[in-house]
Every structure is written in structure tokens, then in C-alpha cells.
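Have a look at the structure below before the remarks.
The values are calculated or read from the model by the stated rules, or taken from the named source; none is laboratory data. Only a predicted model underlies this, so the values are computations on that prediction, with no experimental measurement involved. Virtual Cβ from ideal backbone geometry, glycine too; neighbours counted across all protein chains shown. Accessible surface is based on the protein model in full, side chains and every heavy atom, while ligands, DNA and RNA are left aside. Shrake-Rupley method; radii C 1.70, N 1.55, O 1.52, S 1.80 Å.
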Amino acid sequence: MGPSQKPNVCGRLSRRALGFFSRDAGMVQRTNLGILRALVCQESTKFKNVWTTHSKSPIAYERGRIYFNNYRCCVSSVASEPRKLYEMPKCSKSEKIEDALLWECPVGEMLPNPSDYKSSLIALTAHNWLLRISATTGKVLEKIYLASYCKFRYLSWDTPQEVIAVKSAQNKGSTLARQAGIQQPVLLYLAVFRVLPFSLIGILEINKEIFGNVTDATLSHGILIVMYSSGLVRLYSFQAITKQFMQQKLDLGCACRWGGTTGTVGEAPFGIPCNIKITDTPPLLFEVSSLENAFQIGGHPWHYIITPNKKKQKGVFHICALKDSSLAKNGIQEMECCSLESDWIYFHPDASGRIIHVGPNQVKVLKLSEVENNSAQHQISEDFVILANREKNKNENLPTVTASGRVVKRSFTILDDDPEQETFKIVDYEDELDLLSVVAVTQIDAEGKAHLDFHCNEYGTLLKSIPLMESWDVTYSHEVYFDRDLVLHIEQKPSRVFSCYVYQMVCDPGEEEETTDKRSKRDHNNFRF
């Protein structure tokens, strides 16, 4: 069945003005987003490149904010023209921000300070300080000194918007130590905090004696994930580890005596001691072997996706039940394509339990369902498929006739990701508008051209296509964000040159045509980082 008929924008606005909605607190917001989706997808709506800028440092985007100079300069992308929110003072190399996460206030929780109810940037500096920075003013609201015994480098969410994990660089030891055969007992550290107000859960060490030759480790939703060069992935309960192996509970800002030294937890130079030291092998929750440690969990009920741990199996994906590792019916997914770049697969971020499988010329959305007459087993089937817009090459399969009349068959095949054919490069999901966004690229002469397509997340129907004005070089690194009425393209060129192109929704493009060129020139002069 196709999508049901929905009221138009005027009807929705009239109903909203008259208060025709349920008592559900989120109904008005959903109505507003439904109106915005209709405006975004209507034929007359255009997306205009309102400004462009370049930088010699990486550019990051998060929730309407564009960050330059290693997060020290923030520009709002919400206004019709770029507006600088703040720029922090210049700093030394040791104070450079290495990584950052945007924290937004949870609803319904009592927080100690009024500033806590506004968005904050949680930033990690090169000299091991964890900062909470106002997302609107750039003022440092809170700072925690981590430690001097390792170099912390990465930030990630353990539980989104609630618990963060700060991971150290891996300790590979000095060259002399390796040559002398001296083993490095601690491979890396994980510092775990609850956010707003900041409270320490603990710092965990991953040591070689217990875990062996670990290549990486991370935390996700309370699970410690440990990876090995052999492709093995092991899962442990972080809560169980904390309960069993925490040596001493530490509180930020409180005095502490550790190893004969007294100091304040979270302040320099004392920092935070490593208070979770595993002395025995913790209970193993799950383990699996996968090529390049590729491992994902999702679906309803829980399933996981792996690639069999053999190089010739690259591009083959197995979807298995987490409870007993049994393969789902039709659970081996292999996209029959001949391409230089591999296809990729992941659980749909809309929490529907579906799976997205992306290849150079098609996007498959797969669904997980019970096998008829066997509720214990599940099967994989196609929900819908999005196909690239390609014209079949008429000369592709035609034989060649020589002067003597001999027929010679061609011995080559055009790649599925041939640059002269439309090829899918990026697939993302806009959760508020419930749209799939797909970037497709075609090489025209010596220049690549890209367009961003919006598809119905429920049926896969193409609703809107937006051409990107700038050329697209497939050898460069690209990121494309679709956020409500904004499209943002970040491109990394050789020699660490970064470019940022911002498009905004324009419902009446006629009025904008005359000013776009002037505005773009002004923005080039005023916003170069």
C-alpha cells in the first residue's frame, strides 16, 4: 500500500491555530516538523548556496553550529547569513582542543546552575584538560584535569547525552623499550564521567596481562568492547567490572590520598588516579570473530552484523541472532557489484530495527521479521530499494567486427562505481523530518557533479532532489549534513585545505537571485579561517 493522503500545509496551519491536536505534549512539535517537511519537499522550494568559506584547520558541524580552528571559533548556520557566535582567545599548541562533543540539556532534570540548562561543548585539550564550554558564548564553565600518566585523545558517548568516555592514545612504548623486549603492561586508559553535573565513574586501565594484545577498546551503552588484530571482538559488562575491580571511589573536587601523594581530584597537578584496575579476567558476555573487527548490534530482537574473518569474504555480511548466534533466514547479504570501493551496511538509526545496505548503484533497506510458523527464527527481506539513475551503455555488450569479418567479444566490464555513472557516496537519515538523504555523484567531463536526494523513510519514494553547485572530486574526503532546512557540505582537499558550503531553504527564490552573488563574495572576505 502506498502512503495515505495527508493534509496540505494550509490545513495543518489552520488546525494548529485552532488548537486541533491531542493533549500529547509532543504533538505540536510533530505538527510543526510535518509542516516543515512538506515545505522542504514541495517542488517550488529551492536550496541556495548562501555562503562558502575555507580553512586550513578541520571544520566540524553540530546542530546548527559550524566550528573552525579546532573548535575555538563557532559560527551559527541558522541565520540567513553567517553569524559568528564566539571566538576563543588564541592558545598554545598544548591547549589545542583535540576532540569535542555537544551536550544538550536533558528535559525534566534539576541542575545546580542556570547555565547548565543551555547547550555546552565538552572539549578535550592536548594537555589533558576536560572543559565544559558554553555553546553560545565560548566561556569555559567547568574544567577538569585528567592525569599526567597518559595522553588522552578521544571523546565519545557511552550513553548519549548522559555518560562520556575519554580514551587515551594507545601506549606502544618507546622504540628502545620495544627493541629491548620490555612489555608495556597498560595499553590504554578509559576515563568515564556522567555529565551535568560532572561526576566521575572511574578511570579503567586496559592491560596486556589480562586482555592480551589489544588493538583497540571502547565503551558503548555500558558495554566494554575489546578488539584484537586477529579480528576477535569481546564484550564485557562495564558495570560488573566497576563493581568488582574499583579500588576506591573518587569524587571530583574532593581531597584524596593516593600512592603516598595527597591532592584534589580533578585539579592539576594531582588529576584523577586510575581507580579501576582489573586483576582477574572479567566475565565474558559475548565474543565473535569478524574481518577488520567490523561488528554491529541492533534490530528487534537483538541481532548483530559481521563479515566472516577471511579477506575473500570482504563485502559479505552475516546477520545473526545475538541470543544464540544463529544465522537469520536470508541472513547472508552480498551485493553483487564490481567496484573499487566496498559496499557498507548498518542498522537504521531510526530505531525501526531495519538495516541499510549501500552499494555504488543501489540502497537496500532491509527489514527483520519473524519466520511464519516459527517465532523463534527471524528472516531478512527487502523493504524497498533505491536505484541510481543510470542509462544502460548501449556499446557495453556489443561485439567488435574486424576487417576480415571475425567477431570479437569485449573482455572488459565497466565498474559499478565508474565515475561516469551516477554513484551513491553518502546515505544519512534526518530524524526530525523522517527523510533519508542520499548523495549521488556523476563525473561530467573532468568535473564531478553531485546532488542530494530526499527519500521517504517509510516507502523509499523520491521526494526532492537538490543539485550541489560546487564540483565534487571523488578523490577528496567529503561530509554532507542535512539538518531541517539546512544542507552543509564539508570538503577536505590536499595539503589540509578545508572548504565549507552552506545551502539554505528558499521558498521564493526570485527575491534571492539578485543578492546571492554579492552575498557570497562578501562572505568569502569576511569568513576565511
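Listed by chain and number, the aspartates and glutamates placed with their C-alpha closer than 14 angstrom to that of Lys84 are Asp523; residues fewer than eight positions away on the same chain are left out.
Across Thr137, Thr159, the residue with the most accessible area heads the list, and the full order at a 1.4 Å probe is Thr137, Thr159. At most 13 other Cβ atoms within 10 Å and a DSSP loop assignment: could you name the GluC sites (Glu not before Pro) in segment 268-351 that fit? Those that pass, being in a loop and sparsely packed, are Glu336.
Karplus-derived 3J(HN,Hα) values for segment 232-237, using 6.51 cos²θ - 1.76 cosθ + 1.60 with θ = phi - 60°, are 6, 10, 10, 10, 10, 7 Hz; glycine and proline are entered as x.
For the cross-link pairs Lys314/Lys449; Lys425/Lys464; Lys311/Lys493; Lys139/Lys167; Lys96/Lys167, the ones whose C-alpha atoms lie over 20 Å apart are Lys314/Lys449; Lys311/Lys493; Lys139/Lys167. For segment 91-289, the solvent-accessible area of protein heavy atoms averages 49 Å² per residue (probe radius 1.4 Å; ligands and nucleic acids excluded).
On the accessible surface of segment 91-289, probed at 1.4 Å, how many percent belong to carbon and sulfur atoms? Carbon and sulfur together cover 52 percent of it.
Note on Lys93: lysines with a C-alpha under 16 Å away, same-chain residues under 8 apart excluded, are Lys56, Lys151. Packing order of peptides 306-317, 114-125, highest average first: 114-125, 306-317 (average count of other Cβ atoms within 10 Å over each peptide's residues). Of Arg234, Arg496, the order by accessible heavy-atom surface (1.4 Å probe, DNA, RNA and ligands excluded), from most exposed downward, is Arg496, Arg234. Mean sequence separation of contacting Cα pairs (under 8 Å, at least six apart), scaled by the length of segment 91-289, corresponds to a relative contact order of 16 percent. Rolled with a 1.4 Å probe across the full set of protein chains, the surface gives His127 an accessible area near 70 Å². The largest accessible area among Met469, Met27 belongs to the first residue in Met469, Met27, and the rest follow in falling order (1.4 Å probe, all chains).
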